[in-house]
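Okay, so here's the structure we're looking at.
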Amino acid sequence: ADHMCEAVKRLYAGKLTFYDGDAQVADGVSVHCIGGHSRGLQAVRVHTQSGWMVLASDAAHFYENLFARKPFPIVVDLQNMLDGFERLIKLASKPELIIPGHDPLVRGYFPQDLDAHITRLDVGPSKPVAGA
């Protein structure tokens with residue numbers, strides 16, 4: 001509840017921006033409408049030292065959804081989800097730089113840094129990503 005209250009306060013203070021579709025939000029950071037799982041769903045594209053990384057969010061819950069083209073079972077538009085998989089691949093410098101929104105395998109592909117609960121993404125995977 002505190003996070004929602006903070007968002008509403010920022011909205012009324014003019015410190016919150018909504019993006020409908022694709023937009024650049026900062027140097028090296030953009031949002032891209034992917035759709036599929038839910039209407040208006042956006043993925044975030046970030047320029048890192050390993051190239052363009054895409055934080056897929058719910059556009060690809062798991063690596064298997066994306067690389068095996070197995071849609072997540074909760075979907076508002078199946079064709080949008082399938083088209084979204086292709087768009088994620090085009091947005092990333094290479095497929096292994098697509099980070100699914102809920103896959104625990106991410107922690108095994110990318111190095112831990114500073115502490116066991118911190119996974120570092122910007123350096124790229126430390127071993128090959130299966131299916132990529």
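Summary of computed values
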quantity	calculated
Qualifying residues in segment 7-47 (those that are in contact (Cβ under 8 Å) with a residue 24 or more places away in the chain and in contact with a His (Cβ under 7 Å, 6 or more places away or on another chain)) - the one surrounded by the fewest Cβ atoms within 10 Å (Cβ to Cβ)	R45
Pick from segment 69-104, criterion β-branched (V, I, T) and out of contact with any Pro (no Cβ under 9 Å at 6 or more places or on another chain), ranking: most open to solvent (accessible area, probe 1.4 Å)	I74
Condition check for K94: in contact with a Gly (Cβ under 8 Å, 6 or more places away or on another chain), modelled with pLDDT of 95 or more, within 19 Å of A132 (Cβ to Cβ) and of a type in the set (K, R)	yes
Any strands (runs of 3 or more DSSP E) falling wholly within segment 1-77 and containing at least 1 residues that are over 19 Å from A132 (Cα atoms)	23-26, 29-33, 42-48
Residue that is at pLDDT 95 or above, open to solvent by 30 Å² or more (accessible area, probe 1.4 Å) and not aromatic (F, W, Y), where the choices are L121, L66	L121
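The values are calculated or read from the model by the stated rules, or taken from the named source; none is laboratory data. Since the structure is predicted, the reported quantities are computational estimates derived from the model, not experimental observations. Note that each Cβ is placed from the backbone with ideal geometry, even for glycine, and that neighbours are counted across all protein chains shown. SASA here: full protein model, heavy atoms, side chains in, ligands and nucleic acids out. Shrake-Rupley method; radii C 1.70, N 1.55, O 1.52, S 1.80 Å.
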